[in-house]
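Working notes, structure below.
Just so it is clear, none of the values below were taken in a lab; they were calculated from the coordinates. Owing to the predicted nature of the structure, the values given are computational and were not obtained by experimental measurement. Reconstructed Cβ throughout: ideal geometry from the backbone, glycine too, with neighbour counts over all protein chains shown.
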Amino acid sequence: MDQNKLTEFLGRFTSDLAATNAAGSIVIGHRLGLYRSLAEGPATPEEFAQRTGCDPRYLAEWLRGQAAGGYVGYDPGTGRFSLTEEQAFCLAAPDGPNLPAAFLLALGMLRAEPRITEDFRTGAGVGWHEHHEDVFVGCDAFFRPAYVAQLVTSWIPALEGVEAKLAAGARVADVGCGLGSSSALIAQTYPRSTVLGSDYHAESIALASERAAQAGLSDRLGFEVSGADTFTGADYDLVTMFDCLHDMGDPLGAARRVREALAADGTWLLVEPFAFDRVEENLTPVGRLYYSASTFLCVPNALSQPGGYALGAQAGEARMRELVTEAGFTRFRRAAETPFNLVYEVRP
């Protein structure tokens with residue numbers, strides 16, 4: 001046995017276990033607004049307790065753990081904890097990436113561990129709707145900042161002729177819309193266009209409709225409870241799917257429905273997790289993140305539905321091209337990418 005390799009592996013384990021244990025504390029900070037409060041300025045635990053109304057002993061332990069993980073700073077001379085501008089942007093800013101929401105999603109999905117463990121033996125599935133509500137809320141809260149940052153500034157402009165159509169007034173179907181953040185963003189940015197969001201999860205659609213009404217968008221943004229192969233309407237100028245095709249039990253059926261629903265010169269904006277085609281190329285931190293989520297969310301959901309597919313979150317571009325071609329599309333290209341997503345333009 002190589003002692004250096006053993007020590008290296010144990011170091012990796014310690015880091016992983018510490019990060020796993022810290023997830024609960026990060027979610028507590030998110031729920032209680034602790035990061036937002038600390039962004040107001042440095043504080044000792046006692047000062048922080050006065051600011052937040054929380055117990056100082058709990059806060060002391062929380063702050064020390066956050067400092068040990070590099071999520072907050074600590075000044076031993078003053079005993080105060082603080083956030084740098086960069087930490088505050090990632091953890092507390094309203095227009096930031098809202099990283100704590102990712103931990104909310106992670107803890108939500110891990111609640112299903114006993115069920116997933118049993119399904120490893122049986123091959124059964126767990127539907128998206130069967131997970132804890134933190135999965136739905138956390139997923140929306142974590143993905144929304146990326147859509148705000150990329151969708152109308154980068155992804156849509158990368159599509160041939162689509163931005164002009166939306167500005168002039170287009171028909172849009174946002175399939176697998178979840179809580180409707182992507183649908184609302186399109187409706188807000190292109191007020192002459194109409195958007196129909198659809199998702200099979202009734203609770204998500206109810207919340208999406210409520211948010212649309214609160215935002216004053218109900219006249220041009222509607223929602224329906226339907227699967228990706230049954231959403232209503234025709235002659236859409238744009239159909240969008242964000243990080244959801246790989247979750248479906250019958251992605252081919254969904255792709256065929258999109259082909260049927262598009263106008264002759266319409267476009268399908270398909271956004272999927274970043275993945276290479278070869279397994280060994282996905283053995284990265286991002287790949288690990290997606291494979292883990294896929295084990296608890298994507299593959300179980302697909303196995304819970306008819307269709308016979310379980311693409312998983314790391315399906316890769318070649319598999320996507322093969323699937324949409326089988327569905328009857330003739331044009332497929334990678335229009336944009338980020339470290340976390342691949343953005344495809346698919347056309348009849």
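Note on Thr189/Ser226: beta-carbon distance plugged into 1/(1 + (r/R0)^6) with R0 of 30 Å gives a FRET efficiency of 0.80.
What's the FRET efficiency of Glu118 with Thr330 using the Cβ-Cβ distance as r and R₀ = 30 Å, to the nearest 0.05? The computed FRET efficiency comes out at 0.10.
Classify region 1-160 as rounded, prolate or oblate, taking a ≥ b ≥ c as the square roots of the eigenvalues of its Cα gyration tensor: rounded when a/c is under 1.5, otherwise prolate if a/b is larger than b/c and oblate if not.
The shape class here is oblate.
Projecting label points 7 angstrom from Cα along Cα→Cβ for Arg51 and Val148 puts them 2.2 nm apart.
Which log10 I(q)/I(0) values does the chain give at q = 0.07, 0.09, 0.12, 0.15 Å⁻¹ under the Debye formula, counting every alpha carbon as one identical point scatterer? Normalising to I(0) and taking log10 leaves -0.34, -0.55, -0.93, -1.30. In this simple spin-label approximation, Gln214 and Ala264 carry label points 7 Å from Cα along the Cα→Cβ vector, and these lie 4.4 nm apart.
Normalised by 2.2 N^0.38 Å, with N the number of residues, the alpha-carbon radius of gyration of region 83-214 equals 1.23.
Sorting the segments 8-19, 45-56, 203-214 by their residues' average number of neighbouring beta-carbon atoms within 10 angstrom, most packed first, yields 203-214, 45-56, 8-19.
Here region 110-161 and region 251-324 have alpha carbon centers that stand 12 Å from each other.
How much length, in nm to one decimal, is gained on full extension between Thr20 and Phe340, taken as 0.36 nm per residue of separation minus their Cα-Cα distance? Please report the intermediate quantities before stating the final value.
On the way: separation 320, 0.36 × 320 = 115.20 nm, distance 2.11 nm.
Full extension of this stretch gives 113.1 nm more.
Dividing the Cα radius of gyration by the Kirkwood radius, what Rg/Rh value follows for region 220-326?
On the way: Rg = 14.5 Å, Rh = 14.6 Å.
In region 220-326, Rg relative to Rh is 0.99.
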